[in-house]
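Trainee: This is the structure, below, for whatever I ask next.
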Amino acid sequence: MRIGLTFDEIFAQIEEHLCSRDLIRATSILDRALLKPSLSEETRSSCLHWLGICHAAMAIDALYKHGEPEQAQVGFETAGAAFREALSLNPNSISVRLSLARLALQTGEDPSEVLGYLAPIADVSADSFADLSEVHAAFMMLATACCMVSRFTEGMKHYRFALSGCLGQKVQEPDLSSFAYLRAYGMPVPRDLKEEVLGLIGRFKVVNDAGLSEVRQLAVINNWGEAQG
């Protein structure tokens, strides 16, 4: 007897709606799937993760495209609840932890919250994960979060691992998206850190000019011991 739908089967139902940005339809399908008691915990976690992604995307549209901050707030809260439930079902999910970290920064939360979501990945070998690009993005976000709370030495260690260690050697193009949060929060970094990061990024063929521009425009402080200003 078949136990229940796999997430691949559910994703096949929502994929075309994701591509066409019909996110309301995608969330409707996910909501119906989550009503099925036969789903495995892993499948339920994946459904909740994608439900959160859809609600976060709709919240961003409500805020920036339609000028509806109250509707956006509801969407962000719904996304956060879905992500946290997904993580409770699958605490080892890098993708869910990364989504929670991004949501926290998108909604202006304290950067220490981001560290709470991502810190557990620091002690896990990258070789144990199939999607190395996602692990790379998570370590880049973890490094950025460390810098946002003035833990620059720790942050640089994670940047080195993500950009030049065993992980960096397997990535074709670096994920530079987290640097936009440093600029949005007005967080300066040590001049030497910025120069080293740019040097590491220079080893790659970077197509994302916008991301590279975010790095180049980072505000700096003169040494690693200065407090954030």
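The values are calculated or read from the model by the stated rules, or taken from the named source; none is laboratory data. The shown structure was predicted, so the numbers you read here are calculated from the model rather than taken from an experiment. Glycine also receives a Cβ, built like all others from the backbone with ideal geometry; neighbour counts cover every protein chain displayed. Keep in mind that these areas ignore ligands, DNA and RNA; they rest on the heavy atoms of the full protein, side chains included. Shrake-Rupley method; radii C 1.70, N 1.55, O 1.52, S 1.80 Å.
Trainee: Report yes if VAL207 is open to solvent by 10 Å² or more (accessible area, probe 1.4 Å), touching a residue at least 12 places away in the same chain (Cβ under 8 Å), of a type in the set (Val, Ile, Thr) and farther than 15 Å from PHE139 by Cα, otherwise no.
Mentor: yes
Trainee: Separate question: Quick one: in the range 136-155, of everything that is open to solvent by less than 10 Å² (accessible area, probe 1.4 Å) and more than 14 Å from the chain's Cα centre (by Cα), which residue is nearest to GLN106 (Cα to Cα)?
Mentor: Checking each candidate, the answer is MET148.
Trainee: Among the helices (runs of 4 or more DSSP H) lying completely within the range 127-229, list those that include at least 3 residues that are modelled with pLDDT under 90 and not aromatic (Phe, Trp, Tyr).
Mentor: 132-148
Trainee: Of the conditions (1) at pLDDT below 95; (2) closer than 29 Å to SER164 by Cβ; (3) not acidic (Asp, Glu), THR107 clears all except one; give me its number.
Mentor: Failing condition for THR107: (2).
Trainee: Output the residues belonging to the range 13-41 that are acidic (Asp, Glu) and either surrounded by 14 or more Cβ atoms within 10 Å (Cβ to Cβ) or over 21 Å from ASN90 (Cα atoms) (or both).
Mentor: The answer is GLU15, GLU16, ASP22.
Trainee: What number of residues within the range 156-182 satisfy the criterion of being of a type in the set (Lys, Arg) and either under 15 Å from GLY202 (Cα atoms) or buried (at least 22 other Cβ atoms within 10 Å of the Cβ) (or both)?
Mentor: 1
Trainee: Residue check, PRO188 against (1) out of contact with any helix residue (DSSP H, G or I) (no Cβ under 6 Å at 6 or more places or on another chain); (2) surrounded by fewer than 16 Cβ atoms within 10 Å (Cβ to Cβ); (3) not polar (S, T, N, Q), all met but one. Which one?
Mentor: The one condition PRO188 does not meet is (2).
Trainee: I need the helices (runs of 4 or more DSSP H) fully contained in the range 13-116, keeping only those with at least 3 residues that are without any contact (Cβ under 8 Å) to a residue 24 or more places away in the chain and either out of contact with any strand residue (DSSP E or B) (no Cβ under 9 Å at 6 or more places or on another chain) or not aliphatic (A, V, I, L, M) (or both).
Mentor: Those helices (runs of 4 or more DSSP H) span 23-34, 41-64, 69-89.
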